[in-house]
């Protein structure tokens, strides 16, 4: 980046707390070894995240870790529906009471015949008090496009996604520990609108809960982390990335990663982060600059075509005169 551009950008990026601070705990429970059947793995993933949260609570009690105001679990940290399964509910309740802080839990919920990829705000005393349903669901991962056509070609492909997830219809901002925590679930971080309207709805910090276990040790994990860093700078918000198997991270509003975990380990990150409410030009304008650039490009192309056509006409007329 040229020096002048760097200086101009610096004035738009700040880590200054505008609405105080909040201490966040990002919990990465890890996933079981390969070979477990699907149902056992789902329960094991929930148990792992509860266990890591309870371990953190013990560290807090011993004075070796700071008491978090809020705790953030990843997407799919409870694929067992805690609204329908009393045992799963008890596990989450126990973890929330142990750490004595609200937890954002990533669950798979069947409600009124709709399958939802849901973040659940779990209060240590009241239980579940709010939800956010993922809106930008992933093709071939959470729904199967053209299911009947795909099934006609190869019915085994439909078993990859037995039931399509339904889309949420509103941005998610949880009130946790006095902060507005915006939820952008995994794949949604790739979409400008999904992040922007979370911020305009009142997010003072952003959480990007994800399930990266299926990525293995590929570069996709780091690609998603890079997208989260861009979103931090774009909207001048601290961003947390709670992930099932790594890399989980805490990112400051200037895009700097201040803490990160390893991959395929159980770990937790505790840090005080700034709460911000001001809006950057990107937040205020959204896609308007992109639309303007497209219109300028289209206008320039139209002008070039018009000039070329006019030149051709003049050339033909000159030939006719001769």
Helix 220-235 axis, angle to the chain major axis (alpha carbon atoms, nearest 10°): 70
Gyration tensor (alpha-carbon) shape descriptor, the range 218-310, a/c threshold 1.5: oblate
Gain in span if fully extended, residue 18 to residue 153, counting 0.36 nm per residue against the direct Cα distance: 43.0 nm
Semi-axes of the equivalent ellipsoid for the chain, Cα gyration tensor, largest first, Å: 43, 27, 17
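With both bridge residues required to lie in the chain, what share of the DSSP beta bridges run antiparallel, to the nearest 5%? Write down the numbers at each step before the final one.
Details: 34 of 48 bridges.
Looking only at bridges with both residues in the chain, the antiparallel portion is about 70 percent.
In what order do 228, 14, 148 fall by count of nearby beta-carbon atoms within 10 Å, going from fewest to most?
Fewest-to-most Cβ neighbours within 10 Å comes out as 148, 14, 228.
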Residues 155, 100, 133 arranged by fewest to most Cβ contacts within 10 Å: 155, 100, 133
Alpha-carbon centroid distance for the pair the range 77-99 / the range 254-287, whole angstrom: 27
Shape call, the range 67-141: gyration tensor on alpha carbons, a/c limit 1.5: prolate
Spatial separation of Cα centroids for the range 191-234 and the range 118-181, in angstrom: 16
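Rule-based calculations on the coordinates, nothing more; no lab input. This structure is a prediction, so every number in the text was calculated from the model and none was measured. Neighbour counts are summed over all protein chains in view; Cβ atoms, including those assigned to glycine, are modelled from backbone coordinates with ideal geometry.
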